[in-house]
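**Student:** Got a structure for you, questions after.
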Amino acid sequence: MAYLWFKSFHIIGFVAWFAGLFYLPRLFVYHIEASDRPEAVRSALKTEYNRMEKRLYKLIMRPAMIFTIVMAAGIIYQEPGVFKETWLHVKLLLVLALVGFHHYCGRVIRQLEEGTCTISGIQMRRLNEVPTIILALVVFLAIFKNNFPTDIVTWGTIAAIIAFAVIIQLYARKRRLQEQGELEASS
């Protein structure tokens, strides 16, 4: 019975953590693009985005990450045989990558606050897709375990990455054209 409690709380924890991992890079995009606004608006936006980013990171994401990892340890404690499974080793590597991404986001918060961030809005949009791809792979591993359909998932992941890249490029092009149209209309 304890195993099911740990598993339930593990799922609740990673849902909260991923909510932050999805939203924080989106805040970064808005924060970075606030630099294109007039000074009066820019200053207020950057202050507010920094406040939102710090709260999300420290009050939601960090506790959710720790809670997720602790509950995972509880699952492994309850079912120690699972630690010998190859799928779990791969999943743990992906989780380690997520923890690295999480800490990278903390670094970006500091850089944005200090005004030293060199990432563009389009680059941050690309980075915003990293947790999505990792989440999909982790879910597939957790469901399929050692029967992981490697070929299908590999091709599906490649297709998703290409789709994300195309959508991001099309959106960037649309924004450029829209900004050009606004400049021409104001002249």
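**Student:** Among what's in the stretch 15-41 and is open to solvent by 10 Å² or more (accessible area, probe 1.4 Å) and hydrophobic (A, V, I, L, M, F, W, C), pick the residue that is farthest from residue 67 (Cα to Cα).
**Tutor:** Out of the qualifying residues, it is 40.
**Student:** Here's a follow-up. Before we move on, is residue 135 of a type outside the set (Val, Ile, Thr), surrounded by 11 or more Cβ atoms within 10 Å (Cβ to Cβ), modelled with pLDDT of 85 or more and out of contact with any Lys or Arg (no Cβ under 6 Å at 6 or more places or on another chain)?
**Tutor:** Yes; evaluated as a whole, the condition is true for this residue.
**Student:** A follow-up question, please. Tally time: how many residues in the stretch 3-58 are part of a helix (DSSP H, G or I) and over 19 Å from the mean Cα position of the chain (by Cα)?
**Tutor:** Going through the stretch 3-58 one residue at a time, the tally reaches 20.
**Student:** Ok, one more. Hey, residue 118 hits all of (1) in a helix (DSSP H, G or I); (2) open to solvent by 100 Å² or more (accessible area, probe 1.4 Å) but one; which does it fall short on?
**Tutor:** The one condition residue 118 does not meet is (1).
**Student:** Here are some conditions: (1) under 19 Å from residue 95 (Cα atoms); (2) open to solvent by 30 Å² or more (accessible area, probe 1.4 Å); (3) not aliphatic (A, V, I, L, M). Residue 54 meets all but one. Which one does it not meet?
**Tutor:** In the conditions (1) under 19 Å from residue 95 (Cα atoms); (2) open to solvent by 30 Å² or more (accessible area, probe 1.4 Å); (3) not aliphatic (A, V, I, L, M), residue 54 misses (1) alone.
**Student:** Something else: Does residue 94 count as among the aliphatic types (A, V, I, L, M) and at pLDDT 95 or above? If you could, list the steps in order and put the result at the bottom.
**Tutor:** On the way: among the aliphatic types (A, V, I, L, M): yes; at pLDDT 95 or above: yes.
Spelling it out, residue 94 is indeed among the aliphatic types (A, V, I, L, M) and at pLDDT 95 or above.
**Student:** Of 130, 138, which residue is touching a helix residue (DSSP H, G or I) at 6+ places or on another chain (Cβ under 9 Å) and under 30 Å from residue 1 (Cα atoms)?
**Tutor:** Numbers: 130 fails: under 30 Å from residue 1 (Cα atoms).
Of the residues listed, the single one that is touching a helix residue (DSSP H, G or I) at 6+ places or on another chain (Cβ under 9 Å) and under 30 Å from residue 1 (Cα atoms) is 138.
**Student:** Here's something else I'd like to know. Can you spot a residue in the stretch 60-77 that is assigned to a helix (DSSP H, G or I), out of contact with any helix residue (DSSP H, G or I) (no Cβ under 9 Å at 6 or more places or on another chain) and either loosely packed, with under 14 Cβ neighbours inside 10 Å or of a type in the set (Gly, Ala, Ser) (or both)?
**Tutor:** No, that holds for no residue.
One line per residue, one yes/no per condition, for (1) of a type in the set (Ser, Thr, Tyr); (2) at pLDDT 95 or above:
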{"residue": "104", "(1), (2)": "yes, yes"}
{"residue": "109", "(1), (2)": "no, yes"}
{"residue": "112", "(1), (2)": "no, yes"}
{"residue": "127", "(1), (2)": "no, no"}
{"residue": "142", "(1), (2)": "no, no"}
{"residue": "151", "(1), (2)": "no, no"}
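**Student:** Counting only residues that are open to solvent by 40 Å² or more (accessible area, probe 1.4 Å) and either within 25 Å of residue 60 (Cβ to Cβ) or in a loop (DSSP other than H, G, I, E, B) (or both), how many does the stretch 78-99 have?
**Tutor:** Looking only at that region, the number is 6.
**Student:** Among the residues of the stretch 138-159, which ones are in a helix (DSSP H, G or I), open to solvent by 40 Å² or more (accessible area, probe 1.4 Å) and within 24 Å of residue 69 (Cβ to Cβ)?
**Tutor:** If the condition is that a residue be in a helix (DSSP H, G or I), open to solvent by 40 Å² or more (accessible area, probe 1.4 Å) and within 24 Å of residue 69 (Cβ to Cβ), then 139, 140, 143, 144, 145, 146 are the ones that fit.
**Student:** Shifting gears a bit: State whether the residues of the stretch 121-130 include one that is among the basic types (Lys, Arg), open to solvent by less than 50 Å² (accessible area, probe 1.4 Å) and under 14 Å from residue 33 (Cβ atoms).
**Tutor:** yes
The values are calculated or read from the model by the stated rules, or taken from the named source; none is laboratory data. Just so you know, these numbers come straight off a predicted model, no measurement behind them. Glycine also receives a Cβ, built like all others from the backbone with ideal geometry; neighbour counts cover every protein chain displayed. Heavy atoms of the whole protein, side chains included, go into the accessibility calculation; ligands, DNA and RNA do not. Shrake-Rupley method; radii C 1.70, N 1.55, O 1.52, S 1.80 Å.
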